[in-house]
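The next block holds one structure in the form of structure tokens; read it before the comments.
The values are calculated or read from the model by the stated rules, or taken from the named source; none is laboratory data. Being a predicted model, the structure only gives us computed values, none of them experimental. Note that we place each Cβ from the backbone using ideal geometry, even for glycine, and neighbour counts take in every protein chain shown.
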């Protein structure tokens with residue numbers, strides 16, 4: 001449409017400066033006034049004016065005005081870009097054609113000194129003006145496109161019919177009645193008034209709908225009105241045989257080109273303007289109706305001019321009136337549809353807020369609405385799109401260490417940086433917590449966009465007196481032009497899965513979804529946010545499973561086992577514990593469970609009146625290599641008045657793989673406190689035997705995988721016998737897990753295993769259901785107590 005500068009009629013100049021608008025206006029006014037005085041004096045019969053001089057002045061003034069207008073239009077075209085350049089080029093061609101016609105006319109009158117023949121090459125030049133001006137008007141930004149809309153097309157019909165009626169009543173009818181010699185002469189005679197109708201109609205459409213500068217458009221419309229008026233008067237006078245050069249109507253042509261020249265100078269003077277375009281004023285919509293009223297006015301005054309009311313003019317005005325009625329119906333339908341749409345939109349906005357209150361970004365509701373719209377465009381037009389999910393890594397640590405106020409400020413700063421990395425057409429939203437999403441409706445540069453997002457978060461954020469780092473795991477799902485349109489749920493799930501892939505790969509990475517990308521993350525998608533909220537609100541509870549002495553069934557302790565209920569269903573620990581580890585939630589969850597277990601031990605100790613209740617708690621691999629964890633354990637025990645001998649911390653073999661030296665150091669400090677340490681799930685790892693001698697332990701638990709077939713598989717029997725020999729040789733208590741049948745117990749007792757746990761004795765239960773078993777725990781040195789069977 002318009003040039004890149006944002007100005008629809010002219011763009012940034014390439015070189016030089018346009019002529020001063022004031023000087024152009026001044027010269028135009030002086031020129032027209034001079035010619036007007038001379039022609040008025042000539043019409044009044046002044047003896048001081050030589051008819052030959054008046055003829056020269058009149059002809060050369062018309063030629064000069066058209067030539068200057070052509071030159072100024074050409075200059076403005078050179079300074080413009082896009083459709084504006086072509087529009088002003090067409091204006092220059094039209095004015096130049098008219099100047100050429102005037103030159104031919106002047107040659108006949110001033111050089112050859114004989115009447116200009118009709119038709120002649122002068123008529124070719126004059127009619128070129130109509131073609132050039134009409135083309136230029138339709139090329140103005142916004143003008144041609146408006147004709148593709150029904151209402152605006154009706155405006156054109158109204159104006160054209162009304163002007164044709166006026167032309168028929170004033171000139172066109174007279175031309176047809178004059179009976180010009182030959183078909184060519186008649187065609188050229190008719191072409192003038194018809195071309196005037198077309199030109200003025202194009203001007204009205206452009207004035208009503210073009211996005212150009214108002215003053216420039218009004219000047220153009222004024223110039224074309226002068227031209228049409230002069231042409232109409234000329235056609236009538238020629239048809240009646242009463243025209244001669246020097247007639248005052250010649251001032252109309254001079255005024256037309258001087259005004260067009262001023263319009264060109266005005267556009268050039270504002271070639272560097274960057275002001276935003278404004279909508280057309282409401283008054284412009286009245287122009288078609290004003291044209292119809294003018295048509296009826298001309299028709300009504302026909303008898304006063306001694307002319308009959310034209311039937312053709314009546315029919316043309318009837319057509320214009322019919323178009324006006326249809327236009328009003330279209331407007332009424334549009335207004336009704338618009339009112340319904342506005343009402344529906346307002347109702348939707350009342351129901352829900354569409355902005356995130358913290359960052360002022362679109363929220364999940366607005367984001368999904370725009371994604372849905374983008375998917376509709378893809379289905380209809382195969383328009384590509386991409387969805388980008390960003391999840392901040394370790395953001396919870398910021399809230400925990402620096403406080404939620406700093407965390408909120410960090411989210412605001414992150415939102416600003418992410419928004420600055422996207423294009424204006426893209427939609428950035430905050431979905432909740434530390435999750436952001438972006439909709440790219442032109443994903444051609446998605447690689448560069450994700451790189452920009454990553455780079456935007458690279459530098460530290462200055463939040464008050466803190467310098468905070470923020471990294472993000474980014475997942476991308478794209479929908480190419482030729483692909484089937486996915487559902488919104490599938491598209492968002494693809495982006496979410498890709499984001500989890502990036503997070504599991506270590507974070508601060510970008511992952512693109514590919515066909516077949518399914519992993520345990522698909523389960524993660526359902527539980528990711530609920531689990532984070534449950535950990536934050538301390539909603540993961542503990543059930544306890546008794547640890548018994550094999551053979552007697554006496555309870556010697558309990559293992560605390562995490563349980564979580566989500567959306568009315570129990571989620572198995574082997575699902576949510578790995579998810580917590582992948583999401584960086586496990587250390588926080590383990591610390592919560594440790595405090596909960598210590599509180600329960602304290603309650604049970606008060607219940608039984610002694611401190612012989614022992615509870616084993618699982619801890620995460622991250623905790624066993626963190627020296628600060630020792631202080632957490634001490635704080636939990638001190639807060640709830642728990643003896644170190646009442647607490648057993650169970651470590652998985654996985655914890656030993658990362659850093660054996662660090663784990664051994666932390667475990668040694670815990671053991672010095674008096675806390676017992678147990679190696680859980682022994683036999684499922686790869687390096688336990690190699691490092692067993694390097695870590696301080698009190699107990700070892702044989703994994704349930706070795707117990708399930710111990711009564712039927714001789715190889716497993718030999719393996720368990722070796723483990724028991726190793727454990728006994730190191731002075732460790734050995735506990736077998738997963739005992740479910742009496743045969744399991746018998747086989748383990750025969751091998752010398754003293755302790756075990758499993759469904760044979762009790763399933764994990766809430767603490768209140770275990771009160772009788774807690775009360776049965778024997779005081780050391782006695783044999784009192786109740787068995788679990």
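Here are some notes:
- Candidates in the range 593-617 are the residues that are in contact with a strand residue (DSSP E or B) (Cβ under 9 Å, 6 or more places away or on another chain) and farther than 11 Å from residue 647 by Cα; of these, the one that is surrounded by the most Cβ atoms within 10 Å (Cβ to Cβ) is 604.
- Evaluating residue 157 against the criteria (1) in the same structural domain as residue 301 (by TED's automatic domain parsing); (2) modelled with pLDDT of 75 or more; (3) over 58 Å from the mean Cα position of the chain (by Cα) leaves one unmet condition, (3).
- Some residue of the range 625-643 being without any contact (Cβ under 8 Å) to a residue 60 or more places away in the chain, within 12 Å of residue 667 (Cα to Cα) and in contact with a strand residue (DSSP E or B) (Cβ under 7 Å, 6 or more places away or on another chain): no
- Answer from 340, 318, 323 - the residue that is closer than 30 Å to residue 155 by Cβ, in contact with a helix residue (DSSP H, G or I) (Cβ under 9 Å, 6 or more places away or on another chain), assigned to a helix (DSSP H, G or I) and without any contact (Cβ under 8 Å) to a residue 24 or more places away in the chain: 318
- Filtering 485, 450 for residues that are touching a strand residue (DSSP E or B) at 6+ places or on another chain (Cβ under 9 Å), within 27 Å of residue 581 (Cβ to Cβ), assigned by TED's automatic domain parsing to the domain that holds residue 391 and not in a strand (DSSP E or B) leaves a single hit, 450.
- Residue within the range 89-110 that is in a loop (DSSP other than H, G, I, E, B), at pLDDT 85 or above and buried (at least 17 other Cβ atoms within 10 Å of the Cβ) present: no
- Apart from one condition, residue 364 fits all of (1) buried (at least 18 other Cβ atoms within 10 Å of the Cβ); (2) in contact with a strand residue (DSSP E or B) (Cβ under 8 Å, 6 or more places away or on another chain); (3) under 30 Å from residue 588 (Cα atoms); the exception is (1).
- Looking across 576, 558, one residue alone is crowded, with 17+ Cβ neighbours inside 10 Å, in contact (Cβ under 8 Å) with a residue 40 or more places away in the chain, in the same structural domain as residue 736 (by TED's automatic domain parsing) and under 20 Å from residue 768 (Cβ atoms). It is 558.
- Every test in (1) surrounded by fewer than 20 Cβ atoms within 10 Å (Cβ to Cβ); (2) in contact with a helix residue (DSSP H, G or I) (Cβ under 7 Å, 6 or more places away or on another chain); (3) modelled with pLDDT of 90 or more; (4) farther than 25 Å from residue 696 by Cα is passed by residue 632 save one, and that test is (4).
- Some residue of the range 380-387 being under 20 Å from residue 509 (Cα atoms) and either out of contact with any strand residue (DSSP E or B) (no Cβ under 6 Å at 6 or more places or on another chain) or assigned by TED's automatic domain parsing to the domain that holds residue 452 (or both): yes
- Of all residues assigned to the range 470-488, at least one qualifies as being surrounded by 19 or more Cβ atoms within 10 Å (Cβ to Cβ), over 27 Å from residue 380 (Cα atoms) and at pLDDT below 90.
- Scanning the range 706-743 for residues that are in a helix (DSSP H, G or I) and over 23 Å from residue 650 (Cα atoms) yields 714, 715, 716, 717, 718, 742, 743.
- Summed over the range 733-755, residues that are closer than 21 Å to residue 546 by Cα and surrounded by fewer than 20 Cβ atoms within 10 Å (Cβ to Cβ) total 11.
- Index of the failed condition, residue 395 passing every other in (1) buried (at least 17 other Cβ atoms within 10 Å of the Cβ); (2) modelled with pLDDT under 90; (3) within 22 Å of residue 498 (Cβ to Cβ); (4) in contact with a strand residue (DSSP E or B) (Cβ under 8 Å, 6 or more places away or on another chain): (4)
- Single residue of 148, 215 found to be farther than 30 Å from residue 106 by Cβ, modelled with pLDDT of 80 or more and surrounded by fewer than 19 Cβ atoms within 10 Å (Cβ to Cβ): 215
- Taking (1) free of Cβ contacts under 8 Å to residues at least 40 places away in the same chain; (2) not in a helix (DSSP H, G or I) in turn, residue 407 satisfies each apart from (2).
- Filtering the range 546-554 for residues that are touching a strand residue (DSSP E or B) at 6+ places or on another chain (Cβ under 8 Å), outside any loop (DSSP other than H, G, I, E, B), surrounded by fewer than 21 Cβ atoms within 10 Å (Cβ to Cβ) and not assigned by TED's automatic domain parsing to the domain that holds residue 491 leaves a non-empty set.
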